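Following: one structure in structure tokens, then a few remarks.
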Amino acid sequence: MPPVLWLGILSDWTVYSVIVPVIPFQIERMGYSDVSGLTGWLLFAFSIGTVVLTPPIAILSERYRNRQVPLICGQLGIIAAQILFMESPTYWPMIIARILQGFSSSVVWVVGLALVCDTIHENSIGRHFGLAMSGAALGTVIGPPVSGALYTAYGFRAPFIFGIIFSAVDLVGRLLVIERKHALRWGIDPAALPAQEADAEKEGETSVPSSGEKNDKDNDDDQSSTPQSSDIVTLEQKDAEAIAVLPTSLEKHRELSLLETANKLMRSRRALATCACALLYAIVLALQEPVLPLHMQAIWNYDSTKVGLVYMGFILPGMISSIIGGWLVDKRGPAIVGAIAVAFSMPWFGLLILDKSAGLFIAMFALSSLGFTSLLTVINTELSSATRMLEGVGFAHTYGVQNMANGLGSAVGPIISGQLYDHLGDGWTVVSALLVAIAGIATVIIVCCFEEETLLSRMRRQKPEESTIKEALPEA
């Protein structure tokens, strides 16, 4: 299932990023003033569709234990939204199209991520999320330069025709999805680990837990439920072991009401922390979207095509860091990887205020992405681990809440940056300072709240141990 999710995220971000380089210029050509503000409201409309309509997606997907049908319906909605946006004669139909696109886009981020958790063993889920999240980076690489070039050469409709074709290819992939519940009927459990990989993972867990959530009892359970030799290929030999390998939302639990589910999520430190980081992550990305093209046009006279190429400097390092970050999360845990990655991005966000050289600006832009973009992989892996600790709560529930947080961040970010840029003399400097502050807050949340035993707790425990060792050493 990861290839399908990768293609879905690639398609979603390609279609989404089509709007970034061309919309400000199109709004200006249509005769509107306050271009950055109107661009921000278009991005806000997308987020409204995400926030308001995510809950029914999550609830229905868990209630009916179905992933494929929502994925197909969501993709059809994205195609319809692009057609409506492309044919909009004025500004307001664009708003409606963006709301529809936000709703449809939510499906891949809620149902698609839940599908991966259903079908991938938890000990290797970080690397699969890293690969899937690289689709977001690649989609953002493809979208802006292609849409900018098509807009310049063929006009406003051309980028959207490209997006519709891309979405149709993704629709074929969703039609080919085989869910875990269907695979089990054929005697195959995609959630099981190969024997040699299971042995390696067990050895790694004895030294460094991958997500920090397992206690001794959980480890005993894992050892008794891990499949041996070839029993992961078919379920005829040891059905119980193969099914027990991965707790998923397909297992039989008492179905919680909406209020009970919300109560469990609100009482989970780890779930709240990951959703808070998802909110901050979305704000950081959304702060830059409406004002970066205008800033580069004002300082270096860049047009839509050049702005699209600049986005490649931001996204390509992020694509690499997502893949590497996912592998490191499986080995070292999400807290340490996330804290280092986000802290690394902070100085580069601050240096974006420098405007002496376009090349230097692009380099700092790329370095900020190298650290911050991997946060998305860290968040998804940590939330998957936290969900497994909440009995009766499904993956679609938790990823639905995360998607709402992401949508809220995407909603407020463009409005904040658009207003700052329009009404302050040096709005870009203020936006850059805000990026640094948000990255700092995210780092604190990761250190204090991620994993069952937080990174802060481990650091505090390590200090007394070091002092005890020093006291035990004989004086020279």
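The values are calculated or read from the model by the stated rules, or taken from the named source; none is laboratory data. Keep in mind the model is a prediction, meaning the values are calculated, not measured. Please note: Cβ atoms are built from the backbone with ideal geometry, for glycine as well, and neighbour counts cover all protein chains shown.
Is one or more of the residues making up the stretch 347-366 crowded, with 20+ Cβ neighbours inside 10 Å, among the aliphatic types (A, V, I, L, M) and within 22 Å of Thr454 (Cα to Cα)?
Scanning the stretch 347-366 turns up no residue that is crowded, with 20+ Cβ neighbours inside 10 Å, among the aliphatic types (A, V, I, L, M) and within 22 Å of Thr454 (Cα to Cα).
Looking at the structure I just gave you, is Ile324 at negative phi, surrounded by fewer than 20 Cβ atoms within 10 Å (Cβ to Cβ) and free of Cβ contacts under 8 Å to residues at least 60 places away in the same chain?
No; evaluated as a whole, the condition is false for this residue.
Yes or no: Val401 in contact (Cβ under 8 Å) with a residue 12 or more places away in the chain and within 24 Å of Trp109 (Cβ to Cβ)?
Spelling it out, Val401 is indeed in contact (Cβ under 8 Å) with a residue 12 or more places away in the chain and within 24 Å of Trp109 (Cβ to Cβ).
Right, Thr429: closer than 19 Å to Met133 by Cβ and not aliphatic (A, V, I, L, M) or not?
Against the criterion (closer than 19 Å to Met133 by Cβ and not aliphatic (A, V, I, L, M)), Thr429 does not qualify.
This table checks each residue for (1) assigned by TED's automatic domain parsing to the domain that holds Ile48; (2) in contact (Cβ under 8 Å) with a residue 60 or more places away in the chain; (3) of a type outside the set (A, V, I, L, M, F, W, C).
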| site | (1), (2), (3) |
| --- | --- |
| Pro93 | yes, no, yes |
| Val107 | yes, no, no |
| Cys117 | yes, yes, no |
| Ile120 | yes, yes, no |
| Ser134 | yes, yes, yes |
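Conditions tested, residue by residue: (1) crowded, with 24+ Cβ neighbours inside 10 Å; (2) assigned by TED's automatic domain parsing to the domain that holds Phe25; (3) hydroxyl-bearing (Ser, Thr, Tyr); (4) in contact with a Lys or Arg (Cβ under 9 Å, 6 or more places away or on another chain).
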{"position": "Ser124", "(1), (2), (3), (4)": "no, yes, yes, no"}
{"position": "Ala137", "(1), (2), (3), (4)": "yes, yes, no, no"}
{"position": "Thr152", "(1), (2), (3), (4)": "no, yes, yes, no"}
{"position": "Phe156", "(1), (2), (3), (4)": "no, yes, no, yes"}
{"position": "Gly163", "(1), (2), (3), (4)": "yes, yes, no, no"}
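Among Ser385, Ser410, Ser369, which is the only one that is over 23 Å from Gly333 (Cα atoms), of a type in the set (S, T, N, Q), assigned by TED's automatic domain parsing to the domain that holds Leu285 and touching a residue at least 40 places away in the same chain (Cβ under 8 Å)?
Among Ser385, Ser410, Ser369, only Ser410 is over 23 Å from Gly333 (Cα atoms), of a type in the set (S, T, N, Q), assigned by TED's automatic domain parsing to the domain that holds Leu285 and touching a residue at least 40 places away in the same chain (Cβ under 8 Å).
Exactly one condition in (1) assigned to a helix (DSSP H, G or I); (2) surrounded by fewer than 18 Cβ atoms within 10 Å (Cβ to Cβ) is not met by Tyr281; state its number.
So the condition that Tyr281 fails would be (2).
Based on what the data block shows, is Leu10 at pLDDT 85 or above, assigned by TED's automatic domain parsing to the domain that holds Leu150, part of a helix (DSSP H, G or I) and surrounded by fewer than 18 Cβ atoms within 10 Å (Cβ to Cβ)?
Here the answer is no, as Leu10 does not meet what is asked.
Taking the options Ile23, Ile78, name whichever one is more than 29 Å from Leu420 (Cα to Cα), aliphatic (A, V, I, L, M), in the same structural domain as Lys306 (by TED's automatic domain parsing) and part of a helix (DSSP H, G or I).
So the residue among Ile23, Ile78 that is more than 29 Å from Leu420 (Cα to Cα), aliphatic (A, V, I, L, M), in the same structural domain as Lys306 (by TED's automatic domain parsing) and part of a helix (DSSP H, G or I) is Ile78.
I'd like to check something: does the stretch 42-61 contain any residue that is surrounded by fewer than 18 Cβ atoms within 10 Å (Cβ to Cβ) and modelled with pLDDT under 80?
no
Consider Ile340 carefully, then state whether it is surrounded by fewer than 20 Cβ atoms within 10 Å (Cβ to Cβ), closer than 25 Å to Cys449 by Cα and under 20 Å from the mean Cα position of the chain (by Cα).
For Ile340, the condition - surrounded by fewer than 20 Cβ atoms within 10 Å (Cβ to Cβ), closer than 25 Å to Cys449 by Cα and under 20 Å from the mean Cα position of the chain (by Cα) - is met.
Conditions: (1) buried (at least 16 other Cβ atoms within 10 Å of the Cβ); (2) modelled with pLDDT under 80. His182 meets all but one. Number of the miss?
(1)
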